[in-house]
Amino acid sequence: MAHVYDSSFRLPCYVLGALLFFSSFALATEPCRIHIIDKETNWPVPLVELRTTHNVRFVSDNAGNIAFDLSELMGIETWFFVEGHGYQVPEDGFGYRGVKLTPVPGKTLTVTVNRQLSGKRLGRLTGGGLFAESQKLGLKTDWKDQGILGCDSVQTAVHNGQLYWAWGDTTVPGYPLGIFDMLGATTSQQPLKSFEPPLRLRYDYFKNQAEKPRAICDMPGDGPTWMSGFVSLPDYTSTKRLVGTYVKIKPPLEAYESGQCLWSEEHNTFEKHQVLWKKTPDSPQQPLCPDGHPTLWKDEAGKQWVLFGDPFPRLKCEATFEAWSNPDAWQQLTPQRVVISQSENKQIVPHRGSIAWNNYREKWVAIFTQLNGSSSVLGEIWYAEADAPTGPWANAVKVVTHHNYTFYNPRIHPEFTPADSPILLFEGTYTKEFANHAMATPWYDYNQILYRIDLDDAAFNEVRHDGETMNR
């Protein structure tokens, strides 16, 4: 093949092009590492946003790292606005919360933030790019993401020695519409080696023939299948059966059928057990059913029950597969509508959440999202206690806040920690939905984030029950 020569350089044009191509990499800016840490614990803090005065946003990953790579600001003192969803820096004289940094390629800068509440953000449990910023810096290169970009609300159940997981609508790389019939996975019962960041949890997803994560609850009918009430119950032969309650959804968000489903150990998927309700003019509203987040409870007589609620119990039945299958065996409960806060004696209206027995407090504990909170409509998380799972619930303490962002359907994970541990872990869905024109947070939006509270913290020293205050 004949070469075409450039008359000025007397070099083949393809050689000149290669030189220009590789020189562009030489001119690329090496990132400056900005590391976000909690002033009290020195732990890295995920989900802290730094924003320049020309509105370029950077968000810390699960290791608290940001790879700053703006060539126009290297070597220049730069103001960064700081937004931390419960973590902040002091205001300046004009009311701005931010820091001044001078980024330098290859250098590490540290930003220390103050945690406002007792909830410690451990990091993101789901999605892609858990260590995206760190990997741009040549760190955490051993971590490989699992092909899922976003997950809605979680359900978990201990079944046959494993922890089973199920998530709602799921975002995948290939198309805006992903998995809409519940993504599923398993892990060990205690899947975390540490309760400090950086958080890294790997799931054993149920996969299709192409080795991609798949749906586990594809009930017949148009639209997505949502499932809750995820629990393992013994049948009359003492065989454990993993069960749930499903609902079929059509646009915009209309439920038109609900029923019960049963896990097939042979096919690793949920199969229809029975239909409980179909929407008709004579039956327009879905009746009460065993949905939400279940918890097991043994009463004073020693009888074992399973309670279904979201957050507080609204239905109970004997903790057997046969009772769960029989609507005549279900007993309706009246959940508490408001909880009084510990510090200001305010009425807090719960939206959704979960409860669990806590050995350390020797109380039932609840974690729930506040409806119409001051910082966001569905983004403020509260803790409360009770002597019985049915209440009365009191001692409401705000533990987590999100500024104009949603954090809904929190799920307590008592199985993660030793029985007598003061550490309480819970996750929830972080999403811009239901917020006031919030801009989606890269990587984090529509994913599960894990928080930790320490019940030996001073914020929980006083316990109010029936108007009285007791010290631990």
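The values are calculated or read from the model by the stated rules, or taken from the named source; none is laboratory data. This structure is a prediction, so every number in the text was calculated from the model and none was measured. Cβ atoms come from the backbone with ideal geometry, glycine included; neighbour counts cover every protein chain shown. Accessible surface is based on the protein model in full, side chains and every heavy atom, while ligands, DNA and RNA are left aside. Shrake-Rupley method; radii C 1.70, N 1.55, O 1.52, S 1.80 Å.
Couple of notes before you dig in:
- Subset of the stretch 332-360 (residues that are open to solvent by less than 10 Å² (accessible area, probe 1.4 Å) and among the charged types (D, E, K, R)): none
- All positions within the stretch 16-52 that are part of a loop (DSSP other than H, G, I, E, B), exposed (fewer than 12 other Cβ atoms within 10 Å of the Cβ) and modelled with pLDDT under 95: A28
- Every pair of residues 6+ apart whose Cβ atoms lie under 7 Å, when the first sits in the stretch 301-324 and is within 17 Å of L242 (Cβ to Cβ) and touching a residue at least 60 places away in the same chain (Cβ under 8 Å) while the second is of a type in the set (A, V, I, L, M) and in a loop (DSSP other than H, G, I, E, B): V306/A319
- Residue match in the stretch 153-168 (condition: open to solvent by 40 Å² or more (accessible area, probe 1.4 Å), over 25 Å from N42 (Cβ atoms), assigned to a strand (DSSP E or B) and not hydroxyl-bearing (S, T, Y)): yes
- Test: T225 is over 19 Å from G184 (Cα atoms) and either at pLDDT below 95 or among the β-branched types (V, I, T) (or both): no
- Residue pairs meeting the criteria (Cβ under 6 Å; at least 6 apart or on separate chains; first of a type in the set (V, I, T), in the stretch 416-432; second open to solvent by less than 10 Å² (accessible area, probe 1.4 Å)): T431/T406
- The residue that is farthest from K120 (Cα to Cα), among those in the stretch 55-94 that are small (G, A, S), open to solvent by 40 Å² or more (accessible area, probe 1.4 Å) and assigned to a loop (DSSP other than H, G, I, E, B), is G75.
- Every pair of residues 6+ apart whose Cβ atoms lie under 8 Å, when the first sits in the stretch 31-47 and is under 16 Å from K107 (Cβ atoms) and among the charged types (D, E, K, R) while the second is outside any loop (DSSP other than H, G, I, E, B) and open to solvent by 10 Å² or more (accessible area, probe 1.4 Å): R33/T108; R33/L109
- Residue ID - farthest from C32 (Cα to Cα), chosen from residues in the stretch 100-111 that are assigned to a strand (DSSP E or B) and either open to solvent by 60 Å² or more (accessible area, probe 1.4 Å) or without any contact (Cβ under 8 Å) to a residue 24 or more places away in the chain (or both): K100
- Here T417 fits the description: out of contact with any Ser or Thr (no Cβ under 9 Å at 6 or more places or on another chain) and open to solvent by 10 Å² or more (accessible area, probe 1.4 Å).
- Selection from the stretch 362-375 of residues that are open to solvent by less than 10 Å² (accessible area, probe 1.4 Å) and over 17 Å from L296 (Cα atoms): F368, T369
- Residue count for the stretch 125-152, restricted to those that are of a type in the set (A, V, I, L, M, F, W, C), in contact (Cβ under 8 Å) with a residue 60 or more places away in the chain, out of contact with any Gly (no Cβ under 9 Å at 6 or more places or on another chain) and assigned to a loop (DSSP other than H, G, I, E, B): 4
- Filter result (surrounded by fewer than 16 Cβ atoms within 10 Å (Cβ to Cβ) and either outside any strand (DSSP E or B) or among the basic types (K, R) (or both)) within the stretch 273-295: K278, P281, D282, P284, Q285, P287, L288
- Residues that are assigned to a loop (DSSP other than H, G, I, E, B) and among the polar types (S, T, N, Q) within the stretch 363-397 comprise N372, S374, S375, S376, T390, listed in sequence order.
- Flag for R121 being within 13 Å of the chain's Cα centre (by Cα) and within 20 Å of H85 (Cα to Cα): yes
- Test result for A459, surrounded by fewer than 20 Cβ atoms within 10 Å (Cβ to Cβ), within 24 Å of T156 (Cβ to Cβ) and at pLDDT below 95: no
- When L149, L177 are checked against the criterion of being surrounded by fewer than 18 Cβ atoms within 10 Å (Cβ to Cβ) and under 22 Å from E433 (Cβ atoms), L177 stands alone in meeting it.
Residues checked against (1) within 25 Å of L378 (Cα to Cα); (2) within 25 Å of the chain's Cα centre (by Cα); (3) acidic (D, E):
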{"residue": "F58", "(1), (2), (3)": "yes, yes, no"}
{"residue": "D61", "(1), (2), (3)": "yes, yes, yes"}
{"residue": "S71", "(1), (2), (3)": "no, no, no"}
{"residue": "F80", "(1), (2), (3)": "no, no, no"}
{"residue": "D92", "(1), (2), (3)": "no, no, yes"}
{"residue": "R97", "(1), (2), (3)": "yes, no, no"}
{"residue": "P105", "(1), (2), (3)": "no, no, no"}
{"residue": "T110", "(1), (2), (3)": "no, no, no"}
{"residue": "N114", "(1), (2), (3)": "yes, yes, no"}
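- Scanning the stretch 180-190 for residues that are assigned to a loop (DSSP other than H, G, I, E, B) and buried (at least 17 other Cβ atoms within 10 Å of the Cβ) turns up F180, D181, M182.
- Positions within the stretch 193-216 being in contact with a Lys or Arg (Cβ under 8 Å, 6 or more places away or on another chain) and open to solvent by 30 Å² or more (accessible area, probe 1.4 Å), in sequence order: F195, P198, K207, N208, R214
- Each residue in the stretch 127-146 was checked for being hydrophobic (A, V, I, L, M, F, W, C) and either open to solvent by less than 10 Å² (accessible area, probe 1.4 Å) or closer than 18 Å to F180 by Cα (or both), and 2 pass.
- Where a residue in the stretch 193-218 is closer than 16 Å to P173 by Cβ and its partner, wherever it lies, is part of a loop (DSSP other than H, G, I, E, B) and among the aromatic types (F, W, Y), with Cβ under 8 Å and at least six apart: P213/F206; R214/F206
- Scanning the stretch 251-272 for residues that are of a type in the set (A, V, I, L, M, F, W, C), farther than 25 Å from I367 by Cβ and in a loop (DSSP other than H, G, I, E, B) turns up nothing.
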